[in-house]
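The values are calculated or read from the model by the stated rules, or taken from the named source; none is laboratory data. Given the structure is predicted, the values throughout are model-derived calculations rather than measurements. With ideal geometry, Cβ positions are generated from the backbone for all residues, glycine too; neighbour counts draw on all protein chains shown. Keep in mind that these areas ignore ligands, DNA and RNA; they rest on the heavy atoms of the full protein, side chains included. Shrake-Rupley method; radii C 1.70, N 1.55, O 1.52, S 1.80 Å.
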Amino acid sequence: MLLSHDSTGSGPAALLLHAGVADSRMWGPQQAALARGHRVIRCDLRGYGDTPLTSEPFDNASDVKALLDSLGERRVAIVGASSGGNVALQVASAWPDLVSDLVLLNSAFALPATRSLQRFARREDALLEAGDVAGATELNVATWLGPDADDDARELVRTMQRQAFQIQLGAGDDIHQQAGPAIDLGAITARTLIVSGGQDLDHFRAVANHLAGRIPGAKHTQLGWAGHLPNLERPEEVTALITDFLAELPR
């Protein structure tokens, strides 16, 4: 199954991978600016946005690779947020010649969960087990957006998370997601910018420090004001951060 996607602009390809609380709509504030110099590809991973969940086994990294193959892209920059960042790491590790640049916004990675992340997961599970999808949605909005997010950003995340819950809960137990390629951080050859948020959960700051120390040549920028989704919290600032990095000449 091919992931639902759209493509705008022309030039070197830039693939945008959304967070687990969102879908491809989260990149709306960045799409037009990036499309001035790139072919911007947004996609919905399975179970998000316009991409359904099916009963066949799948992994997100292979889905992304299949999408890029179908579009004829042999060299791309990838911008990934949260769980989308983890998928970007899988792709850049498994197919290093495919990925020229990586921008990781509060990327997920398999480090032990901190107490704050465990506490969030327990609260979300309890709400969903009680059938309180609205409560679980509001918990996600409150947890993953920092203090600078405006009402429009909060409503967008609310809409995206509610839809994701509907798709995923509707699929029941008939989901066969696989882990996908193991990540070897030392195998990544892409120019890499790691962005972390000072207002985000401590788990993701620990992940950012871990990645920065192990991806060859990686640059780490911490935004003290940012929560987990900085591109929605201060869109213009984060758009400039991404476009400036992608415009830099390779080392």
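Remarks
- Top-ranked residue of region 139-189 - restricted to ones that are acidic (Asp, Glu) and more than 24 Å from Ala88 (Cα to Cα), ranked as most open to solvent (accessible area, probe 1.4 Å): Asp173
- In region 1-94, counting only helices (runs of 4 or more DSSP H) that sit wholly within it, the ones holding 3 or more residues that are in contact with a strand residue (DSSP E or B) (Cβ under 6 Å, 6 or more places away or on another chain) span 28-35, 83-94.
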